[in-house]
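Only one structure is covered here, and it is reproduced in the block below.
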Amino acid sequence: MEHSLKALQEKALKEIAGANDIDALETVEIQYMGRAAGELTAILKNLKDVPAAERPRTGALANEIKQDIEAQILERREALLAREENESVFDVTESYVPRRESGTLHPTTQIQYELEDFFAAMGFRIIDGPELESDFYNFSALNIAPDHPARDMQDTLYIKDHPTWLMRTQTSSVQVRAMREYGAPLQAIASGRCFRNEATDARHEHTFHQLEGFVVGEDVSFAHLKGILDAVARHLYGEDTQVRLRPKYYPFVEPGVNGEVTCSFCAGGGCALCKQTGWLEIFGAGLIHPHVLKEGGLDSKKVSGLAFGFGLTRLAMLKYGINDIRLFMSADMQFLKQF
Ligand code: PHE
C-alpha cells in the first residue's frame, strides 16, 4: 500500500509539472483528486480495508500525499495564471502594426461647431444646403438676375452640359430653399463650403467656408439683426467688442450692411491686421429683400426677415493669426497639427 501511494505521488507531481495550461492542470486535478473517480480519492476511501495495525500509518501518509498534491496544483495554477497575464500584455510573436495617427478637427470646423452651438442655444435651427446648386437658388431667387453685374463678382465653377448648375458662391443660397421648406416663422443657420473662380493668392481661395443665418417672421426688424450680431461679436471676441454697421449693397437685402467689429488685436487702436482702422470686417447682413421673401413663398406684407453671412474661413484666420488662406485647403500636416 505504502509503495503504491508513493508511486502515485510521483506520477501525480510529474503530471502537474507537465501541465502546460489551466485546462490540462484541471484534467490532472480531476484524475487524482476527483470526488467520484479520483485515483487518490479511491485510495483514501479504501483505507478502511487496510489492516487495523497499519491503518494509522497509511492514513497519515495518504493525507500527507494529498496535501502535497493539492499544494503543488495550487502553485502550478498560480504560475500558469501569471504566465497567461504576462502573455496578454507582451507577446513577442505579435507582428508589428504601426499605430495610426489620430487627427484633429480642422480649424474652420472648430469655429463652425462653436458657432453652431452658440446659435442653437439661441433657438436657431441648424440646416444644410447643397454645394452643387442651381442658378436659381444661388442667384435669381436672391434678386440677382442673369444679366446683373453682381454676378461678375461671384464668378464660379459651372458644370459642363448643365447650364443651370453651378458650385454655390455663397451660403445665402440656402435662404429660399429653407423658406420653401419650413415657411415662417423660422430662424436658422446653414454653414458649409462655397466656391468662386479666383486667381488664388494669400487672400483669395477658390474654396472657402461661410455661415449664413436668417430669421423670418412677423415684425422682424433691424434691431433684431443688430442684437444678434452684437451677441455673436461678444461671444467671439469678448464683452467689450463693438459692432459697426455701414451701408453696403447686396441685391438680396434692403437695407444691406457691411459689419465690422473692434479689432481684437489692437482693441481698436489701429494695427497692421486692421490696416490701422481699428475695425475688422467680418460679415455682410441686412433685411431680406421682398423679392427673396416672395421667391420663398412668403408674403412680404405679413412677414419680414433678416439675414447675415460670416466668412468662417476669415474668422479662423483672425482667431489664429493665419496669414495665408491657401493653408486651409493645403492638407499640410504641419499646419493642421497646430490646432
Ligand atoms: N452672401 C454674402 C456674401 O457672400 C454675405 C451676406 C449674407 C450678405 C447675408 C447679406 C446677407 O458676400
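Things to note:
- Lone unmet requirement of (1) at pLDDT 95 or above; (2) in contact with a helix residue (DSSP H, G or I) (Cβ under 8 Å, 6 or more places away or on another chain); (3) β-branched (Val, Ile, Thr) for Thr104: (1)
- Lone unmet requirement of (1) among the small types (Gly, Ala, Ser); (2) buried (at least 17 other Cβ atoms within 10 Å of the Cβ); (3) not in a loop (DSSP other than H, G, I, E, B) for Ser264: (3)
- Within the range 285-336, the residues that satisfy the criterion of being loosely packed, with under 15 Cβ neighbours inside 10 Å, touching a residue at least 40 places away in the same chain (Cβ under 8 Å) and more than 29 Å from Val261 (Cβ to Cβ) are Gly297, Lys302.
- Residue check, Cys274 modelled with pLDDT under 95, crowded, with 17+ Cβ neighbours inside 10 Å and either within 12 Å of the ligand (Cβ to nearest atom) or not in a helix (DSSP H, G or I) (or both): yes
- Residues of the range 207-227 satisfying the condition of being part of a helix (DSSP H, G or I) and loosely packed, with under 15 Cβ neighbours inside 10 Å: Ala223, Gly227
- The range 175-188 - residue that is touching a residue at least 40 places away in the same chain (Cβ under 8 Å) and within 17 Å of Leu142 (Cβ to Cβ) and, of those, farthest from the ligand (Cβ to nearest atom): Arg180
- Tally, over the range 251-266, of residues that are over 33 Å from the mean Cα position of the chain (by Cα) and farther than 28 Å from Tyr137 by Cβ: 1
- Only residues that are closer than 24 Å to Glu114 by Cα and in contact (Cβ under 8 Å) with a residue 40 or more places away in the chain were counted in the range 234-264, giving 5.
- For the range 113-157, the set of residues classified as more than 22 Å from Thr313 (Cα to Cα), among the charged types (D, E, K, R) and in contact (Cβ under 8 Å) with a residue 12 or more places away in the chain consists of Asp135 only.
- Residue ID - nearest to His209 (Cα to Cα), chosen from residues in the range 289-309 that are more than 8 Å from the ligand (Cβ to nearest atom) and hydrophobic (A, V, I, L, M, F, W, C): Leu306
- Complete set of residues in the range 144-174 that are open to solvent by 50 Å² or more (accessible area, probe 1.4 Å), within 16 Å of the ligand (Cβ to nearest atom) and either of a type in the set (Ser, Thr, Tyr) or assigned to a helix (DSSP H, G or I) (or both): Pro149, Asp152, Met153
- Selection of the range 107-140 for residues being open to solvent by 90 Å² or more (accessible area, probe 1.4 Å) and either assigned to a strand (DSSP E or B) or at pLDDT below 95 (or both) yields only Arg125.
- Failed criterion for Glu54 (all others in (1) without any contact (Cβ under 8 Å) to a residue 40 or more places away in the chain; (2) over 26 Å from Leu80 (Cα atoms); (3) not hydroxyl-bearing (Ser, Thr, Tyr) hold): (1)
- Residues in the range 242-251 include at least one that is crowded, with 16+ Cβ neighbours inside 10 Å, part of a strand (DSSP E or B) and hydrophobic (A, V, I, L, M, F, W, C).
The values are calculated or read from the model by the stated rules, or taken from the named source; none is laboratory data. Here the structure is a predicted model, which is why all the values come from computation and not from measurement. Heads up, the Cβs are rebuilt from the backbone with ideal geometry, glycines too, and the neighbour counts pull from every protein chain shown. The accessibility values were calculated without ligands, DNA or RNA, using every heavy atom of the protein model including side chains. Shrake-Rupley method; radii C 1.70, N 1.55, O 1.52, S 1.80 Å.
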